[in-house]
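Engineer: Below you'll find the structure I mean.
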């Protein structure tokens, strides 16, 4: 449940038992992570065991909208899910193997998603999802017709119960006994960037690439 | 169960009900995906609901080795898990919103992991994990001592039941009715690369970066 000051609820499972200092429970941190990625990992229970499927998402202030086709055979109404979004920012290369780690930003969202059946909300969710993953394409491409809308499974998950964990910066053993080893230590950053678009071979190669697509080439995927 | 010709078992849950043509059940495809990433999403059941946590992994021919600390409070012996590894290769920008998609490589591994308690196997698994995530660091950094080994939780998951799904190439609507729209369509590739290493500020800035770290700068994260 979101309370009045916009903080996310701290239920037992989102109260981090480890690395408490890395826990953030404010909505700004959550939306920061959601903006920085577009593929999430959706966890559901199937036949008594966990199943984790990657899928794309979009969001507004209140809901995460997920493409639900991959989960459609398993998700029943009122089923609990856990959606995790992770951005890997690099490696933490410490003086000891034990202190090695990852710089990352990650959000976990818990809740009971519902299937979106209302046509207006489905269009709303699909537009958010499309514009989050591929900005500009909602206006560029042909929008879903009635048949396609009916064939699209969209899940809405309330952004109510979530936790965010991040780690950034250099290794932690720079002022410990291992510093005396004199070993190099530091960070190896990892950045995902969009490359040059590749025109569909079914089109004449001279077909101009739309500006909203061409403009992404070379930009970081984690910066909208 | 792996059978004699090295194919992975096709249990009902890894027999893909959707997009059958994208399913591969051979081990080469699985190891290809495992080599292309180093962070997985581990799905477990906690208090009756799914929980999905990102963690690092390494592997040999028979096992996936996972850092288990994030799951240690929830994982009991014989618990079923699902580990999903996903590499996002880019966007499929089609003529219709409906045909939009993602180019990706993804593996799902199911099974009952065990906690690695044997010292020799723990060192083996940690070395695999370290060398997979940060090649060269097992020899460069100080290796775990007895106390650190005891404090490290490592999971071993048999590479026995798994499925791989991939999608690559241009949109699928190049020969459909929407081709007549004359819209640009194509792929927007996404590539994650290592950046220049950043030396720990606790060290003199002139500390030489080891060759095995410096050599990664500019290379793709999905190519070992």
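The values are calculated or read from the model by the stated rules, or taken from the named source; none is laboratory data. Note that the structure is predicted; figures quoted are calculated from it, not measured. Quick reminder, even Gly has a Cβ in these numbers, built from the backbone with ideal geometry, and neighbours come from all protein chains shown.
Engineer: Go through region A:128-141 and give me each residue that's free of Cβ contacts under 8 Å to residues at least 40 places away in the same chain and touching a helix residue (DSSP H, G or I) at 6+ places or on another chain (Cβ under 6 Å).
Structural biologist: A:138, A:141
Engineer: (1) more than 7 Å from every other protein chain (Cβ to nearest Cβ); (2) over 27 Å from the mean Cα position of the chain (by Cα): which one isn't true of residue B:160, the others all being true?
Structural biologist: It fails just one condition, (2).
Engineer: Would it be correct to say that residue B:197 is facing chain A (nearest Cβ under 7 Å) and exposed (fewer than 13 other Cβ atoms within 10 Å of the Cβ)?
Structural biologist: Values: facing chain A (nearest Cβ under 7 Å): yes; exposed (fewer than 13 other Cβ atoms within 10 Å of the Cβ): no.
So residue B:197 fails the test.
Engineer: Is there a residue being farther than 30 Å from residue A:138 by Cβ, touching a helix residue (DSSP H, G or I) at 6+ places or on another chain (Cβ under 9 Å), within 7 Å of chain A (Cβ to nearest Cβ) and buried (at least 17 other Cβ atoms within 10 Å of the Cβ) anywhere in region B:185-192? Steps first, answer last, please.
Structural biologist: To start, the set of residues in region B:185-192 that are farther than 30 Å from residue A:138 by Cβ comprises none.
No, the conditions are met nowhere in region B:185-192.
Residue by residue, here is whether (1) under 10 Å from the mean Cα position of the chain (by Cα); (2) within 30 Å of residue B:193 (Cα to Cα); (3) modelled with pLDDT of 95 or more; (4) assigned to a strand (DSSP E or B) holds:
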{"residue": "A:33", "(1), (2), (3), (4)": "yes, yes, yes, no"}
{"residue": "A:45", "(1), (2), (3), (4)": "no, no, no, yes"}
{"residue": "A:57", "(1), (2), (3), (4)": "yes, yes, yes, yes"}
{"residue": "A:85", "(1), (2), (3), (4)": "yes, yes, yes, yes"}
{"residue": "A:98", "(1), (2), (3), (4)": "no, yes, yes, no"}
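Engineer: From the set of residues in region A:59-83 that are over 22 Å from residue A:128 (Cβ atoms) and facing chain B (nearest Cβ under 7 Å), which is modelled with the lowest pLDDT? Step through it out loud before you land on a result.
Structural biologist: As a first pass, look at region A:59-83 and keep what is over 22 Å from residue A:128 (Cβ atoms): A:73-74, A:76-80.
Cutting the leftovers down to facing chain B (nearest Cβ under 7 Å) gives us A:73, A:80.
Working: A:73: 61, A:80: 94.
Restricting to residues being over 22 Å from residue A:128 (Cβ atoms) and facing chain B (nearest Cβ under 7 Å), the top hit is A:73.
Engineer: In region A:106-125, is there at least one residue being within 10 Å of another protein chain (Cβ to nearest Cβ), touching a helix residue (DSSP H, G or I) at 6+ places or on another chain (Cβ under 9 Å), crowded, with 22+ Cβ neighbours inside 10 Å and within 30 Å of residue B:150 (Cβ to Cβ)?
Structural biologist: yes
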